[in-house]
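Have a look at the structure below before the remarks.
The values are calculated or read from the model by the stated rules, or taken from the named source; none is laboratory data. Quantities reported herein were computed from a predicted structural model and do not represent experimental measurements. Cβ coordinates were reconstructed from backbone atoms using ideal geometry, including for glycine residues, and neighbour counts include every protein chain displayed. Keep in mind that these areas ignore ligands, DNA and RNA; they rest on the heavy atoms of the full protein, side chains included. Shrake-Rupley method; radii C 1.70, N 1.55, O 1.52, S 1.80 Å.
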Amino acid sequence: MNGWLHQLIRTRHGVLGLIILAPVALAVVLGPQLAPNDPNAISFLARFSSPSFHHWLGTDEFGRDLLSRILVGARESVGTALSATLLGTLSGAILGTASAYVGGRADEAIMRTIDAIMAIPALLLALLVLSTLGKGATDATLAIAISFAPGMARITRSVALAARHQDYVSAAIARGEGSGWIVFREMGPNVIAPVVVESTIRVAFAVMLVASLSFLGLGAQPPAPEWGLMIAEGREYLDQAPWMIIAPGAAIALTAIGFNLLGDGLRDALNPRVGR
Amino acid sequence: MSPVLSIENYRLEYRSSGTAFRALDDVSLTIGPGEVLGLVGESGSGKSSLAAAIMRLLPPNSREGGGTIRFQGEDLRAMGPRQLRSVRGRRIAMVFQDPSSALNPTLTLGRQVSEVLETHRGLTPPEARAEALAMLRHVEIKDPEALFARYPHEASGGEKQRVVIAAAFACHPELVLLDEPTTALDVLTGARILELVRRLRAQIGMAGLYISHDLALVSRVADRIAVIRGGRIVEEQPAATIFRNPRHPYTRLLAEAAPRPDRRLTTDEAGAEPLLGLDSLSVRYDRRGVFRRRAATGAENVSFTIREREVLGVIGESGSGKSSLARALAGLVRFEGTIRFTGRSVKGPGAMDRAYRRAVQIVFQSPDSSLNPRQRVREILARPLKMFGGNVAEIPRLLDEVRLAPNYAARYPHELSGGEKQRVAIARAFAARPRLVICDEITAALDVSMQASVIELLLALRAAHDTAYLFITHDLNLIAEVAHRVAVMYRGRLVDLLPVAQLREGDVHPYTGALIAASPLPVTA
Amino acid sequence: MSAGWFARRVLLIGYTLLVVSLVVFAVTEILPADAAVVILGQNATPAALAAVRARLGLNDPAWLQYWHWLWPALHGNFGISMRTDQPVGPEMFAALGRSLLLAAGAIFLMLVVAIPLGLAAALGRGRSIDLLAGLISYLGVSLPEFVTATLLLMIFADRLGWLPATGYVPLTQNPLAGLSHLALPALTVALVLIAHVSRMLRSEMIDVLASEYVRAARLKGLPWRIVIFRHALRNALLPVITVVALDVGYVLGGIIVVEEIFAIPGIGRALIVAIEARDLPAIQAAAVIMAATYAGVNFLADIAYALLDKRIRYE
């Protein structure tokens, strides 16, 4: 795995992804410090300002600075997506590995059940969970994590099973290695890479899901500067202030493109068979 | 008479990310009417590139560096797409290595023959169908009507290759390129396909280019042989004399490397003491699930004993149970029956203790999946050393024993060639100081010269460590060179177990007899 | 297709529906400590809560509650809506019909665009058409439906005025108006699909074009169109069928958002309305019907795949 970052910056997709995600990461970490204005400062004089020197991305119906809102909102929009993906990946990976490891009928039963649960579309499952948990960012995180877990379990299992049938694992079994060594030292490093790639691409999907839930009024609540919520609010002023939609829409799209590109780049970089 | 094909000073390069690789260098060849030229070379020698160049189907990153390719006096390189289509499949046809991948999985076998007739001879579909059926009959398909409507996955490997041959010969081509047409088939099927090719050649009298890695095989079908290495033709001479009188050092190496039953590489006798025995060992694969239930047998009631320092050859085609046997002995699958080892009875993988697992080691067929791609050679070798009372300081010695330089310890598997990977796998087995090493087709994925050096290495290790081998292969000539006794597996059962010397003395199972007949000696006379 | 294979598929879809109904029921009624609070909110009076509990049978054990819900549901009876006091089932099935019309439109648009696009990208690999297809696919998978929908509305309805902004007109009433109302929503949903399917077809097609049997077909001297359409495209499209079926999941998710934006009275909008009104029977009905539709589509896709790809029957 040494030098995978080095490998990553040698793939065209990876570099492009990193370049796009760098400002996003900056906004997530330092958003409130970087914001030129208070994201919730209302100014009736500055309502519906088009992008200008004072307001680079314009203002909304309360005169709030959109650039500041996007910078501050990054933590909620992207942070929620990241933590939801991480949670969903971890729980899915544990379930998938366990299922592959026990094998036999238990494995078959677990997988058929996971297939069945996957018949519920991610957004629908997230909406269902939210409809009982209540509205808010934490609940959205949980809802998205739950809707991601079955898919990640399936992927982890198939990768683990593929690794399980490699001769180097057979060699380890033949020399009498314990299951700890086999799972963590022989299979683990070969399973992690594809799972990391898949979950990176899923962050893009999570970013869109978080925004969609807020847009539907079930995620972040006003006046939070969440990107999806900003678009929902801007929809009423489509005619007079299209920048209210274009700015957060572009933020969502760029972040999602960035994670998609990064995932594709990682796929190439983490492939051990490609020349180093 | 003017030649059917003449290639002069042909050069070809592949470019990728700035670097150029010369695939063919100043190649000149001619094939006369009715003549079959054998082109022998190992992987990467350029023999497939030459076929691609003749068929004018080169990859996009290739650059031709001059030279001519003339077919019946016409310049193939100057032909446009339209002219080429009228040559391909009608005047020059090709038979491929693996019929399973050369046939379209979603079209019926018959359709894949008749479409050639429709395209090139302008036949209507019913006419083409009748003609294709006749052609299938001609390549000795038993029930052409039934096979015509079947899909590739519903036919055997031999049937599929016959269909490919029928499509190639359907328009009575003037030249046929045969690219390793028997390599992907099992031994008996391959022998029958070879017989068919010979017969068709005698009937049609076309010219041929027979491409193969196997000098012994080509010497039996070709009139003349050209040996290619690193994109250059290094030697050309009549097939009848090349084995007896190889002039170029590389040809000599290939001739030496070809397994020959009349030559013994193992010169000493096996020990007298039994090392490991099987008592009616059976392996059954159960594929049970909530929604499916299926059981298949890998090996049925196999009993034999391996003696100290013995090389016991196991032969059989794929699915004969020989690999199931290996996996049972290595404790990788559950089995019924008993393994006797140093006076103890082992009844299952759970009963194999550290002493057993140390003493019995296995080396696998595929070099690519045999080593963990995320571990360096050092880590791969250190583990068995630590487990079985060795010392990490022995790594350089281990590498030296398998003839790899000490700096290989720091490499990852993807930085090694196939032969080097197999050497590391052998070193990993010997790190445990085993008494029996199971070699499961370990040279099947390697080139002939590489195979010879791995075999030589194995025998040297045996001499140094008094190891016994269970040597599994599909190559009877190879077994005859190295083994003391041979066990013949057929459909999960052990049908013959006899000293190698008695192989050609007659009294064998019919399957063994067929194998012997299908493994002919190279033309040395 | 053997009988055993078919029987297994039928068993599997039965199991899928069972699990889906369990999950939906568990998430909506068992997971929250008190479904009555979910319905009435935190400030409800104890008497009102008790009344709801009695009406929903919340005092029964969980399995009995599940059974009381499942058995009528199997007969299309999902209970009485708490919002409208009407039976939920018929309303939901009518909404599903309108959603399926939208989904069909989206899938039609996708097929018309994605197959030629993926094919062209694979054949012109590395050229400008390929780059264009790559750009479209990255944009398509990175733009949420509500952003595309809003942008499309802004351009085609507000600025250009070519198409109506929102609303739904039944096709039986006025086919032209019905179609024009469906155009923007269907296009929105189709964009994601186009991105995904064209990318998938491109990579399948590139693999197939590099395969030995396509090489063999070219070396037989067959005409270009036969090589591309009979030998290559046919095989490249097979895995795409499965992907399209799996994408119906995305379509259903996308439909929730798109129906909300374009005010189409489909099942997605019904679900959102039900969630906002805390209308438990309606939420359950919408969720189960959507998931069952998805499972059914995948079942049909499996069968279509098996009919087209002869290899599958022995697996």
Estimated buried accessible area (total), pair B and C, 1.4 Å, Å² to nearest 100: 2600 Å²
Note on chain A: contact order normalised by length, alpha-carbon pairs under 8 Å, 6 or more apart, percent, works out to 28 percent
Volume per residue, Å³, of the convex hull around the alpha-carbon atoms of chain A? 139 Å³
How far is helix C:88-123 tilted, in degrees, relative to the longest principal axis of the Cα atoms in chain C, given as a value from 0 to 90 rounded to the nearest 10? 20 degrees
List the residues of region A:227-254 for which accessible area in the full set of protein chains is at least 40 Å² lower than for the chain on its own; 1.4 Å probe, protein heavy atoms only. A:Arg235, A:Leu238, A:Asp239
On each of the three principal axes of the Cα atoms of chain B, give max minus min coordinate, whole Å, ordered largest first. 73, 51, 51
Considering only DSSP beta bridges with both partners in the protein assembly as shown, what is the antiparallel share in %, to the nearest 5? 60 percent
If you take the Cα atoms of region C:9-87, find Rg, then find the Kirkwood Rh from the mean of 1/r over all pairs, what is Rg/Rh? 1.02
Any idea of the total accessible area buried by the B-A contact, 1.4 Å probe, rounded to 100 Å²? 2600 Å²
Once amide hydrogens are built 1.01 Å from N within the peptide plane, the residues lying 5 or more places from B:Tyr490 or on another chain with amide H under 5 Å from its amide H are B:Val495
Take B:Ala501 and C:Thr166, extend 7 Å from each Cα along the Cα→Cβ direction, and tell me the distance between the two endpoints in nm. 9.7 nm
Can you compute the charge dipole magnitude of region C:89-308 about its Cα centre, using +1 on each Lys and Arg Cβ and -1 on each Asp and Glu Cβ, nothing else charged? Give it in debye, rounded to the nearest 20. 1020 debye
Averaged per residue, the 1.4 Å probe accessible area of region B:131-192, protein heavy atoms only, in Å², is roughly 35 Å²
Between the helical axis of A:188-215 and the dominant principal axis of chain A, each derived from Cα atoms, what acute angle in degrees is found, rounded to the nearest 10? 30 degrees
Once you treat every alpha carbon in region C:187-315 as an equal point and sum by Debye, what is log10 I(q)/I(0) at q = 0.11, 0.12, 0.14, 0.19 Å⁻¹? -0.55, -0.62, -0.76, -1.06
Under 10 Å, Cα contacts only: if you run a Gaussian network model on chain C, which one of C:Ala287, C:Ala103, C:Ala210 comes out with the highest mean-square fluctuation? C:Ala210
Counting only DSSP beta bridges with both partners in chain B, the antiparallel fraction in percent, to the nearest 5, comes to 55 percent
With a ≥ b ≥ c the root eigenvalues of the C-alpha gyration tensor of region C:89-308, is it rounded (a/c under 1.5), prolate (a/b larger than b/c) or oblate? prolate
Just to make sure I understand: if all protein chains stay in place, what is the order of B:Ser45, B:Ser17 by accessible area at 1.4 Å, largest first? B:Ser17, B:Ser45
Region C:9-87, relative contact order in percent, only Cα pairs under 8 angstrom and at least six apart counted: 18 percent
Rounded accessible area per residue of region C:9-87, 1.4 Å, Å²: 57 Å²
Helix C:280-308 sits off the longest principal axis of the Cα atoms of chain C, rounded to the nearest 10 on a 0 to 90 degree scale, by 30 degrees
In Å², nearest 10: area of B:Phe471 left accessible to a 1.4 Å probe: 10 Å²
With the full set of protein chains present, the residues of region C:213-230 whose 1.4 Å probe accessible area falls by 30 Å² or more relative to the chain alone are C:Tyr213, C:Arg215, C:Ala216, C:Arg218, C:Leu219, C:Lys220, C:Gly221, C:Leu222, C:Arg230
Computed over the Cα atoms of the protein assembly as shown, the Rg and Dmax in Å are 34.2, 110
